[in-house]
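Have a look at the structure below before the remarks.
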Amino acid sequence: MARTTSRPPEDLAEKIIDIDVSEEMRGSFLEYAYSVIYQRALPDARDGMKPVQRRILYQMNEMGLRPDRGHVKCARVVGEVMGRLHPHGDSAIYDALVRLSQSFAMRVPLVDGHGNFGSLGGDDAPAAMRYTEARLDSAAELLVSSIEEDVVDFKPNYDGQETEPEVLPAAFPNLLVNGASGIAVGMATNMAPHNLGEVIAAARHLIANPEASLEELTEFVPGPDLPTGGSIVGLDGIRDAYRKGRGTFKTRATVAIEKVSARRTGLVVTELPYSVGPEKVISRIKELVQSKKLQGISDLKDLTDRNQGLRLVIELKNGFNPEAVLEELYRLTPMEESFGINNVALVDGQPQTLGLRELLEVYVNHRLEVVRRRSEHRRKKRQERLHLVAGLLVALLDIDRVIALIREADDTAMARESLMGAYELSEIQARYILDTPLRRLTRFDRLELETERDKLNQEIEELTSILESDKKLRRVVSKELNDVSKKFATPRRTQLREADGAARAAVIPLEMADQPCHVLLGVEGRIARTKGATPPRVYAGLRAPHDAIEVSVPTTSRSDIGFVTDLGRMIRVPVVELPELPEDGEGEPERPPLAAGLDVGEFVQLDEGERVVSVVSMNATGPGFAVGTVGGVVKRVAPDFPPNKDDFEIITLKDGDRVIGVTQLSTGEEDLVFVTSEAQLLRFSAATTRPQGRQAGGVAGVRLSDEARVLWFGAVSSPEDSVVVTVSGSSSALEGTQSGSAKVTPFAAYPSKGRATGGVRCHRYLKGEDTLLFAWVGRAPARASRADGKQVRLPDLTERRDGSGEALTSPIATVGSGQTDSGITAPGSGA
């Protein structure tokens with residue numbers, strides 16, 4: 001049987017349509033671009049909301065998630081928004097919800113989040129939506145308030161089953177206050193947050209003065225106010241953005257230079273640039289330090305917590321200028337970032353680039369329209385209610401006949417027609433009368449209805465006056481904005497300053513210059529350094545009036561000094577680590593008590609019972625320094641210190657012996673002086689003692705009896721200007737303050753003797769005294785103080801070097817010199 005072929009029916013015939021690929025691509029791309037621009041990336045200039053943000057706030061308001069109610073799971077909010085209004089991925093909705101709650105991203109947060117909603121800079125991602133909870137914040141209620149009063153237009157949702165608002169009523173300028181960012185197709189927006197109070201003040205000025213200039217508005221809004229604070233450097237870019245809608249400015253972290261430890265200065269960061277997190281800054285600084293592109297940083301700590309907020313401590317190495325290191329941090333790290341303003345927003349459905357005045361003008365016009373429509377809606381509702389109240393009052397005036405008409409009627413429709421014909425009522429009024437229960441038809445209810453009628457008439461009159469007067473309408477909008485400002489405005493967080501510091505900072509050297517200075521050691525063991533090659537003329541102490549200067553050593557700020565202890569150890573410490581004292585004020589008769597000195601225990605680690613007796617310069621090239629011990633040993637140490645050791649011995653002590661004094665020599669021709677407990681003073685030239693190595697034990701300095709010991713050892717460079725202070729008393733007072741008899745004699749009255757001799761007598765005991773308690777030799781005038789800081793008067797100068805003393809009126813705690821010369825002031829030592 002032969003096979004036959006048949007043609008397919010006409011409706012199944014193949015149809016091929018020729019389409020130009022370029023035209024199809026162009027049309028499809030334009031549809032995609034349109035969707036991204038209008039449905040995703042760009043905010044509306046009226047309420048400052050992108051579609052997803054608007055849908056989130058509207059749906060949360062519909063769900064009743066107001067500030068006075070409990071939080072609900074974010075997953076529930078995301079599900080409602082996605083199912084009813086926003087048919088896109090849940091991650092996009094949740095990301096938008098999270099941002100609305102972040103106080104470091106929004107100047108005025110709109111969502112009150114409960115849980116982990118991320119951290120500054122995105123260093124810590126928010127928790128999953130099944131863990132976090134949310135509700136509307138108080139400020140968000142202002143954006144959706146009165147939305148049920150027909151103040152904005154509604155449009156169908158994606159499937160046409162529900163409606164959503166095209167724009168929110170927005171009781172404050174959200175776009176300027178919270179800013180916006182988004183990338184569309186062929187365009188992008190990036191708007192900086194501003195201060196709510198400043199923006200509202202500018203809006204109110206524009207409401208009152210519709211022709212206000214941009215210069216007038218910038219008096220109210222000088223610049224952005226970022227949620228994270230910091231400072232804005234350079235206002236020219238901001239002015240350009242306010243004028244043209246585009247501009248660039250730099251944001252800087254807020255940094256304070258503080259003492260972060262006893263020996264270190266640090267940079268404390270408390271505010272970072274907008275959208276920059278601490279982890280980003282920390283990682284960048286560590287990278288720069290490891291690659292040696294950034295110098296001067298010794299440690300970096302993140303001490304941020306909930307109580308004190310952001311706190312990054314950047315510890316600096318000694319010898320580096322904090323200001324210079326800070327400028328390097330600004331230059332090389334995210335502690336200074338650029339922010340590009342691009343004010344692109346939708347106006348009447350069209351993307352436009354807007355300046356400050358245009359943004360405020362669009363918002364003001366929107367708010368005027370919202371209040372106008374709200375007033376019309378409220379007037380209409382009140383008129384409708386007044387119509388019902390008037391009909392009910394008519395019925396109450398003739399209640400018996402009304403009841404009779406109703407009873408005579410066969411059904412509800414006949415009763416309604418009877419009432420309408422008898423009293424000229426509308427159908428709505430007649431139906432309302434029939435629906436009113438009999439219990440409402442009392443005399444008391446009649447009075448209530450008359451009061452309500454009068455109130456409705458008054459409200460309708462007020463609303464009508466607002467609608468008929470543009471001036472009153474503007475006054476209402478301005479007053480409502482003022483109420484918002486009073487409730488929600490906060491002080492400005494971001495400082496604004498012109499870009500005038502870059503050139504000045506560029507000339508600051510990174511490392512401190514090696515400047516001459518003096519290191520001062522107080523009698524009470526506090527140490528500090530001064531500025532300048534010339535020591536201050538007068539010292540009154542490092543902490544209190546009685547903390548007199550014990551040693552003053554000339555050196556430089558970038559050299560080392562050595563702390564010498566009574567066990568014969570020398571400990572190296574950089575001078576720059578010592579606290580710096582302020583300079584003397586000119587014309588001051590005396591330097592005031594200083595609090596900048598620190599205890600030597602902050603710089604050296606001492607054994608139990610060990611104490612620092614003096615400090616010497618470790619970069620001196622002169623004759624070195626001399627050491628005296630309690631056992632009468634003297635040693636000259638050459639300035640030959642091991643360069644790679646910070647702790648070493650400078651003298652080998654015999655058992656039971658300790659260092660009593662150390663003095664730096666400037667010429668090698670000074671007089672070395674021992675004063676013993678037997679009131680003997682030995683003076684001999686330092687040239688008679690040859691220098692020895694560090695391991696040597698020294699040579700005999702002064703001859704002592706079995707019970708005697710050295711009370712004081714030092715050097716005198718100017719015999720004619722120096723005095724000797726001695727205090728005698730009973731041996732039972734050795735452990736207390738020195739309250740016996742004191743004597744002050746000129747040092748020149750004591751003759752020089754040979755080394756290793758017993759010296760000459762310097763004090764004669766009074767009745768009841770058997771020992772010398774205290775001795776001191778130094779530049780005149782000598783000063784004595786009590787433990788509480790009050791001065792103790794010393795006896796007048798006497799030429800009798802072997803004479804007895806004068807009874808003290810108060811016990812002596814310290815003795816020191818009122819003046820210094822080239823820096824050598826020997827210590828005053830007690831028993």
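Only the coordinates and a few stated rules stand behind these numbers; no lab work does. All figures in this text were calculated on a predicted structure; none of them were measured in a lab. Every residue, glycine as well, gets a Cβ built from its backbone with ideal geometry; the counts of neighbours run over all protein chains shown.
General observations
- Compared with the dominant Cα axis of the chain, that is its longest principal axis, helix 74-84 is turned about 30°.
- Percentage of interatomic Cα-Cα distances in region 595-676 larger than 18 Å: 51
- For the chain, DSSP calls about 90 percent of its internal beta bridges antiparallel.
- Its Cα centre serving as origin, the chain has a Cβ charge dipole (Lys and Arg +1, Asp and Glu -1) of approximately 1880 debye.
- Extended-chain gain in nm, criterion 0.36 nm per residue less alpha-carbon gap, Lys292 and Arg407: 31.2 nm
- Going from the residue with the fewest nearby Cβ atoms within 10 Å to the one with the most, Met129, Met49 rank Met129, Met49.
- Cα Rg, Dmax, the chain, angstrom units: 44.8, 160
- For region 279-379, applying the loop criterion from DSSP together with a ceiling of 11 other beta carbons within 10 Å to the trypsin sites (Lys or Arg not before Pro) yields Lys292, Lys293, Arg306.
- Candidates per trypsin sites (Lys or Arg not before Pro) in region 75-158, loop by DSSP, up to 12 other Cβ within 10 Å: Arg130
- Check: region 37-171 dipole with +1 on Lys, Arg Cβ and -1 on Asp, Glu Cβ, in debye: 340
- Label separation (Gln161 vs Leu797): 10.8 nm, computed from points 7 Å beyond Cα along the C-beta direction.
- Computed lengthening from Asp305 to Ser718, 0.36 nm per intervening residue step minus Cα-Cα distance: 142.8 nm
- Residue among Gly179, Ser119, Pro87 farthest towards the positive dipole end of region 85-225, charges placed on Cβ: Ser119
- Rounded to the nearest 20, the size of the Cβ-charge dipole of region 256-313 about its Cα centre is 240 debye, with Lys and Arg at +1 and Asp and Glu at -1.
- Long pairs among Lys301/Lys486; Lys50/Lys479; Lys250/Lys479; Lys286/Lys645, criterion Cα-Cα beyond 32 Å: Lys301/Lys486; Lys250/Lys479
- Exposed chymotrypsin sites (Phe, Trp or Tyr not before Pro) absent: longest stretch of the chain, with sites in DSSP loops and at most 15 other Cβ within 10 Å deemed exposed: 159-831
- Converting the Cα gyration tensor eigenvalues of region 348-418 into ellipsoid dimensions via √(5λ) gives semi-axes, longest first, of 54, 13, 4 Å.
- Kirkwood Rh, angstrom, region 372-488 [1 / mean 1/r, Cα pairs]: 16.5
- Antiparallel bridges, percent of DSSP beta bridges restricted to region 656-769 (to nearest 5): 95
- Between Glu258 and Asp640, the FRET efficiency from the beta-carbon distance, with R0 = 35 Å, is close to 0.35.
- Rounded to 10°, Cα long-axis angle of helix 196-208 versus longest principal axis of the chain: 50
- Helix 322-332 and the longest principal axis of the C-alpha atoms of the chain enclose an angle of approximately 40°.
- Proximal aspartates and glutamates relative to Lys292, as straight alpha-carbon distance under 17 Å, when same-chain residues fewer than 8 apart are discounted: Glu315, Glu327, Glu328, Glu511
- Local net charge near Phe684, Cβ-Cβ under 15 Å (Lys/Arg +1, Asp/Glu -1): +4
- CD proxy at 222 nm, helix term only [per DSSP H run n ≥ 4: -39500 (n - 2.57); per residue of the chain; nearest 500]: -9000 deg cm²/dmol
- Rounded FRET efficiency, nearest 0.05, which uses the C-beta distance separating Thr248 from Arg475 and R0 of 35 Å: 0.35
- One equal scatterer on each Cα of region 254-334, no solvent, Debye formula: the resulting log10 I(q)/I(0) at q = 0.21 Å⁻¹ is -0.97.
- Efficiency of FRET from Cβ geometry, His114 and Glu279, R₀ 22 Å, rounded to 0.05: 0.35
- Cross-link table Lys531/Lys654; Lys743/Lys790; Lys155/Lys487; Lys531/Lys743, entries beyond 30 Å C-alpha to C-alpha: Lys531/Lys654; Lys155/Lys487; Lys531/Lys743
- You can think of it this way: the chain between Met63 and Ser732 has 232.0 nm of extra reach, that is 0.36 nm per residue less the Cα-Cα gap.
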